[in-house]
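Encoded as structure tokens, the structure appears first; notes follow it.
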Amino acid sequence: MTGAAIIIGAGDATGGAIAAAFARDGLTAVPVRRNADALAPLAERILAAGHACVPIGTDARDEAKMVALFDRVEADIGPVEVAVFNIGANSPMSILEETERRYRKIWELCALGGFLMGREAARRMVPRGRGTILFTGATAAVRGGAGFAAFAGGKHALRALAQSMARELGPRGLHVGHVVIAGAIDTEFIRSQFPERYARKAEAGILDPDHIAANYVMLHHQPRDAWTHELDLRPWVEPF
């Protein structure tokens with residue numbers, strides 16, 4: 001049985017690129033999102049390239065479903081060697097208009113789902129003494145911006161989770177990393193909604209999903225004596 005790479009939040013851009021990158025690297029990609037049908041184009045591209053892919057639709061905020069996901073992968077595909085949490089919830093709202101329901105949902109997407117994935121991955125990896133767990137962060141994980149109280153709160157929580165897990169699980173052979181993605185990513189959303197930012201693609205002013213994904217694979221292959229915990233990825237035009 002080949003090893004598996006579970007990518008929670010395998011969307012059409014970064015998450016899909018991460019799944020494809022780990023498939024090229026020799027693992028069976030297991031892209032995950034709530035709508036299984038939405039994963040079909042990604043799975044077809046990976047399979048057409050001659051790599052292994054098993055798309056699964058499930059809700060990362062549901063504890064029972066996350067347990068079942070990891071059980072299924074371990075039983076039917078292979079040991080989980082890599083687990084990536086890539087769910088995004090970047091949605092601005094003034095604190096004056098923010099609602100409890102919306103704040104809770106964003107927290108569930110950013111933080112609760114990350115906890116459930118991280119815990120289930122760790123439970124399978126610790127007995128083997130190996131494995132990579134990576135969390136996708138954002139500038140909001142280190143600096144809360146105006147109008148992003150919910151998103152910043154969720155991403156701060158995810159970063160704290162990654163730090164805590166790294167300190168506990170590093171001595172047990174698991175590499176836990178947090179990747180800060182700062183800047184616009186080459187997506188249809190950016191192209192259509194922010195054409196002035198998308199115009200900077202020609203000068204490498206926005207992030208390429210494939211280049212982001214290559215860094216996740218790099219983190220997985222780092223030797224234990226030189227692990228990176230937090231990696232900051234930003235185009236040269238993005239200010240610090």
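The values are calculated or read from the model by the stated rules, or taken from the named source; none is laboratory data. All figures in this text were calculated on a predicted structure; none of them were measured in a lab. Cβ placement follows ideal geometry from the backbone for every residue including glycine, while neighbour counts extend to all protein chains displayed.
Please determine whether any residue of the range 132-151 is in a helix (DSSP H, G or I), small (Gly, Ala, Ser) and over 28 Å from residue 227 (Cβ atoms).
Yes - at least one qualifying residue is present in the range 132-151.
Within the range 26-50, which residues are in contact with a strand residue (DSSP E or B) (Cβ under 8 Å, 6 or more places away or on another chain), surrounded by fewer than 19 Cβ atoms within 10 Å (Cβ to Cβ) and not hydrophobic (A, V, I, L, M, F, W, C)?
34, 35, 37, listed by residue number.
For residue 76, state whether it is among the acidic types (Asp, Glu) and either farther than 27 Å from residue 180 by Cβ or modelled with pLDDT under 95 (or both).
yes
Would you pick out the residues in the range 215-240 that are surrounded by 14 or more Cβ atoms within 10 Å (Cβ to Cβ) and in a helix (DSSP H, G or I)?
Correct list: 215, 216, 217, 219, 220.
Cβ-Cβ below 6 Å, separation at least six or inter-chain, first residue in the range 175-190 and over 16 Å from residue 233 (Cα atoms), second β-branched (Val, Ile, Thr): which pairs?
175/132; 176/133
For the range 178-211, name all the residues that are in contact with a strand residue (DSSP E or B) (Cβ under 6 Å, 6 or more places away or on another chain) and among the β-branched types (Val, Ile, Thr).
179, 180, 181, 185
What helices (runs of 4 or more DSSP H) completely inside the range 1-78 contain at least 1 residues that are within 20 Å of residue 218 (Cα to Cα) and in contact with a Pro (Cβ under 6 Å, 6 or more places away or on another chain)?
Result: 14-24.
Does residue 145 satisfy the condition of being in contact with a Ser or Thr (Cβ under 8 Å, 6 or more places away or on another chain) and either over 20 Å from residue 62 (Cα atoms) or β-branched (Val, Ile, Thr) (or both)?
yes
Restricting the search to the range 62-103, which residues are closer than 28 Å to residue 5 by Cβ and of a type in the set (D, E, K, R)?
Within the range 62-103, 62, 63, 65, 71, 72, 74, 76, 81 meet the criteria.
Consider only pairs whose beta carbons are under 7 Å apart and that are at least six residues apart or on different chains; among these, list those whose first residue lies in the range 213-234 and is farther than 22 Å from residue 16 by Cβ and whose second residue is part of a helix (DSSP H, G or I).
Short answer, once both residue conditions are applied: 228/219; 229/166.
Give the residues of the range 219-240 that are farther than 22 Å from residue 83 by Cβ and not basic (Lys, Arg), sorted by residue number.
If the condition is that a residue be farther than 22 Å from residue 83 by Cβ and not basic (Lys, Arg), then 225, 235, 236, 237, 238, 239, 240 are the ones that fit.
Among the residues of the range 151-171, is any crowded, with 20+ Cβ neighbours inside 10 Å, in contact with a Pro (Cβ under 9 Å, 6 or more places away or on another chain) and of a type outside the set (Asp, Glu)?
Within the range 151-171, one or more residues are crowded, with 20+ Cβ neighbours inside 10 Å, in contact with a Pro (Cβ under 9 Å, 6 or more places away or on another chain) and of a type outside the set (Asp, Glu).
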